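Below is one structure, written out as structure tokens; comments come after it.
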Amino acid sequence: AAQTGNCSLLQGRRFYCREWALDKLWRCLENRSVPGQPAGLLVTGGPGAGKTALCTEVVWPTSKAGVEVGLASRCLASHFCQREDQRSMGLVCPPPGYKEILNSPSVSSTLEPLTCQKDPDNTFKRAVLGPLLDLSPPAQTLMMVVDSIDVAFEAGIGGGKSGSIAELLAANQHLLPGWLLLVCSVRRHNKAVCKMFSGEKR
């Protein structure tokens, strides 16, 4: 069952006036498997525009519109990039077999903190892309939600490897399976990150 608002980052505040954005996201999700469609959707806006509120409503719906559109049940995983909370990542509705693959020794060993820091690109390919590509395509397209990908982004600090979540996703988004839509949010004025995802729908 889809998770509801008890985990919502809105913390009791109402979600309103952005129902159109939920509908647009639903349409992008429905069209993801159509050949030629972009692999992702980029949610942009200024500070306080409601980007995190939208991503939160997608994952943990609190409004009538959010519940009715049914996006939460199609969210594979989410990550809310918050400086003050390093525990903001989690699987929401993983498809059958995904957790078992992650728990296998060959994959779980790549998730050790030191391994992740040493080679984040290889970790992403072995622990995220590999397992996803090994799965049978689900009946419906799913999405992965990453909010505030520009948090802590500094261009060129990786020394030849991805030094941020934004760089990691930008470098590997073309490898995602055709049944998965990458949904990211970013502040509009961060031109460097927006340019990295220039091929995504907005």
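The values are calculated or read from the model by the stated rules, or taken from the named source; none is laboratory data. Quick caveat: nothing in here was measured; it's all calculated off a predicted structure. Backbone-built Cβ (ideal geometry, glycine too); neighbour counts: all protein chains shown.
Listed here are the helices (runs of 4 or more DSSP H) enclosed by region 1-88 that have at least 2 residues being at pLDDT 90 or above and of a type in the set (Asp, Glu): 19-31.
Across region 130-150, the qualifying residues are those that are among the hydrophobic types (A, V, I, L, M, F, W, C) and more than 20 Å from Cys81 (Cα to Cα), and the one among them that is nearest to the chain's Cα centre (by Cα) is Leu142.
Conditions (1) hydrophobic (A, V, I, L, M, F, W, C); (2) surrounded by 20 or more Cβ atoms within 10 Å (Cβ to Cβ); (3) part of a loop (DSSP other than H, G, I, E, B); (4) modelled with pLDDT under 90, marked per residue:
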site: Asn122; (1), (2), (3), (4): no, no, no, yes
site: Pro138; (1), (2), (3), (4): no, no, yes, yes
site: Met143; (1), (2), (3), (4): yes, yes, no, no
site: Asn172; (1), (2), (3), (4): no, no, no, yes
site: Gly178; (1), (2), (3), (4): no, no, yes, no
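Going by the conditions given, is Leu142 of a type in the set (A, V, I, L, M) and either over 30 Å from Ala49 (Cα atoms) or free of Cβ contacts under 8 Å to residues at least 12 places away in the same chain (or both)? Judged against the criteria, Leu142 is not a match.
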